[in-house]
Each structure stands twice: as C-alpha cells, then as structure tokens.
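The values are calculated or read from the model by the stated rules, or taken from the named source; none is laboratory data. Owing to the predicted nature of the structure, the values given are computational and were not obtained by experimental measurement. When we count neighbours, we look across all protein chains shown, and the Cβ atoms used for this are built from the backbone with ideal geometry, even at glycine.
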Amino acid sequence: MKRLDAPPYASINLYDESVAGLGDELLRKKFLRNRPTVVEAYGRFDESSQTKTWCDLPRAAHGNPEAIVLGSLLKGELVSLYDEGVVKSKGKPRNMYDQIKLGAHDECPYCGGMGEMGEVGELGTADHFLPKAYFPTYAVLPLNLVPACQVCNKGMGGSFPTDENSQPLHPYLDEDHFFLEKWTSASVRNEDPLVVDFEVRSPASWPEKDRQRVTAHFRACKLEARYRSRAWTELTPLISQRKSTLRIFSSEQFREHLLVIANEPNLPINGWKRTLYSALAASKWFCEADFA
C-alpha cells in the first residue's frame, strides 16, 4: 500500500549486534560459529526477494523450540535472540529496531496509514513479514522487520501463505507498480445513510499473480470494512461543508474540489482517502446533491 525505504543496515548487522550483547558466553560463541550459515540463509532470502517467492523458503514446524533449524541453532534460540537480544535490549540492537519502526513515519505501510501505530509516545510495532514462529531463521533480519499498525499486524497473523499468489505486499521489496498504480476502487450508493463500497480492481495488464496478491493483501488487512468505516467519518463533515461553505460551488466546481483530494500525491494512491474521493468525484448524483 505504501512504499518504505529499506532499513539502512546490512543483512547481518542486527544479528551481529544482538549476538555481541548476549551475556551467556557459550551461547554467544554458538551464534558466532553459526554466522556463516546465517549469512547463507540471508542470501537465500535475497534470492527469494528477486522472484517474490518468500513462501518457498524453509519453514520450521509450529512450536517445538528445541528443534534444530539452522546449522546447530535451535528454533528457540533464534526466537529468543529477537525477543531478548533485540526488543528487550537497552543497547544498539534496540536502537536499530526503533529506527526501523521510525522508518514508517507513523503511517502503517500495509494499510496506507489507516491504523494506529501505537499508544501516544510509543513507536508502535514491527511485524515479521515472515513470521518468526515458522521462519525463525529471519527473526533478526532487518528486511524481514516491517513497521505495522496493530490491526495489520494481527491481520497478517502468525502464518504465511504457501502459495506465492497469496503473499502480502512487501513494503521494502515489492514491485513499484503496487505502490504507484491504482488498484483499489469504490462506488457510492445513494441510500440513507450514504454507503460507500470498496473493492480491488487491479489493472488488466498486470500479471495474474500480482492481481491475486493485491486481493489477498486487501483481505488480510481487512481493508474493505476499515475503509468503509473511515469513509463514514469523512462524509459527515464533508456533507456539512457542502451545505454551508461549499454551497456556492456548482456541481462541476464541487467535483473539481473532490478531485484535488483524489489526486493528492502526498497520500497513498490506494489509501482510503484517495479511493473515497475518486468515487465521490465520479458520482454524478453526489456532486449534484444539495443534501437538504
């Protein structure tokens, strides 16, 4: 939904910093011995990013923290490296983690800035694009950590599709057309109260895989219901303005007013606001209504 710049760290940086901060000397040496294997695994992630086939990367079974998943490293050790060595760190690993979250500028990239990123004074959450419950190998890989609002974080869940056509969009690594071209649409129903329906309408020129992926992303983040809810809170003051300060506008002038917001380049092209205002501007009834 919204492109983000990739974190300004080499793939192995967060691993090295979190391992360096471990208090258990034997465990630290174990992680150091396995570093070459980790580097190789991160290389496979990069290869999958080129083909957008993250779903084909090796998975660990759910649970079973004692399972050996990478070199001689246990699943539980890799997960703990993130939980204890990064999130609960008071040093550089935590600073790097916070910088990754700050990269979203308080706007969730999965839903185009709809969801709250966290409580006031907090930086919100970082979602594992590949969940650490199944992909512990990538628990501290910066490219696998994406800032996310609580709703999208929960919507993505702890699983990941096995079908490449169902993979969610990756804000750092996916193709530009997902973020630059229009693939959301809305229609206005003249009912009381007014209803706006949102849907996916991706370009016919796109590969079928990409068209299926945006549909899967839209569903996983529950964007239809969330967009509709946000639209209703937007329509109430807009209609009030149309009945007062904007009443001097002709229907064509009002349509042009709506198009200014629909084409605002600083808003996500597939976010709720541009999608809503595009639909309102396209509705002859809405532009001509006096809402008396």
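Go through the residues of region 220-234 one by one and say whether even a single one is under 18 Å from the mean Cα position of the chain (by Cα), within 25 Å of residue 160 (Cβ to Cβ) and free of Cβ contacts under 8 Å to residues at least 24 places away in the same chain.
Scanning region 220-234, I find at least one residue that is under 18 Å from the mean Cα position of the chain (by Cα), within 25 Å of residue 160 (Cβ to Cβ) and free of Cβ contacts under 8 Å to residues at least 24 places away in the same chain, so the answer is yes.
When you scan region 16-31, do you find a residue that is under 24 Å from residue 148 (Cα atoms) and modelled with pLDDT under 95, even just one?
No, region 16-31 has no match at all.
Identify all residues within region 108-129 that are modelled with pLDDT under 80, among the charged types (D, E, K, R) and under 13 Å from the mean Cα position of the chain (by Cα); write none if there are none.
Result: 116, single match.
State all residues of region 243-267 that are buried (at least 18 other Cβ atoms within 10 Å of the Cβ) and at pLDDT below 95; if no residue qualifies, say none.
Listed by number, the list holds a single entry, 267.
So that you can scan it fast, the table gives a plain yes or no per residue for (1) within 30 Å of residue 78 (Cβ to Cβ); (2) within 14 Å of the chain's Cα centre (by Cα); (3) without any contact (Cβ under 8 Å) to a residue 40 or more places away in the chain:
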residue	(1), (2), (3)
142	yes, no, no
149	yes, yes, no
154	yes, yes, yes
164	yes, no, no
177	no, no, yes
194	no, no, no
197	no, no, yes
203	no, no, yes
208	no, no, no
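So which residues in region 51-107 are under 21 Å from the mean Cα position of the chain (by Cα), closer than 14 Å to residue 137 by Cα and buried (at least 18 other Cβ atoms within 10 Å of the Cβ)?
Hits for region 51-107 are 54, 82.
Select from region 171-187 the residues that are among the aliphatic types (A, V, I, L, M) and under 18 Å from residue 263 (Cβ atoms) and write down the one among them that is surrounded by the fewest Cβ atoms within 10 Å (Cβ to Cβ).
180
For region 184-228, what are the residues that are part of a loop (DSSP other than H, G, I, E, B), in contact with an Asp or Glu (Cβ under 9 Å, 6 or more places away or on another chain) and among the hydrophobic types (A, V, I, L, M, F, W, C)?
Scanning region 184-228 gives a single hit, 206.
Does residue 101 count as more than 22 Å from residue 1 (Cα to Cα), in contact (Cβ under 8 Å) with a residue 24 or more places away in the chain and basic (Lys, Arg)?
no
Take residues that are of a type in the set (S, T, N, Q) and tell me which of the helices (runs of 4 or more DSSP H) falling wholly in region 32-117 contain 3 or more.
Passing ranges, in order: 35-51.
Out of the residues in region 135-170 that are surrounded by fewer than 19 Cβ atoms within 10 Å (Cβ to Cβ) and within 21 Å of residue 63 (Cβ to Cβ), state the one that is modelled with the lowest pLDDT.
157
If you go through region 27-41, how many residues are free of Cβ contacts under 8 Å to residues at least 12 places away in the same chain and closer than 13 Å to residue 74 by Cβ?
Within region 27-41, residues that are free of Cβ contacts under 8 Å to residues at least 12 places away in the same chain and closer than 13 Å to residue 74 by Cβ number 0.
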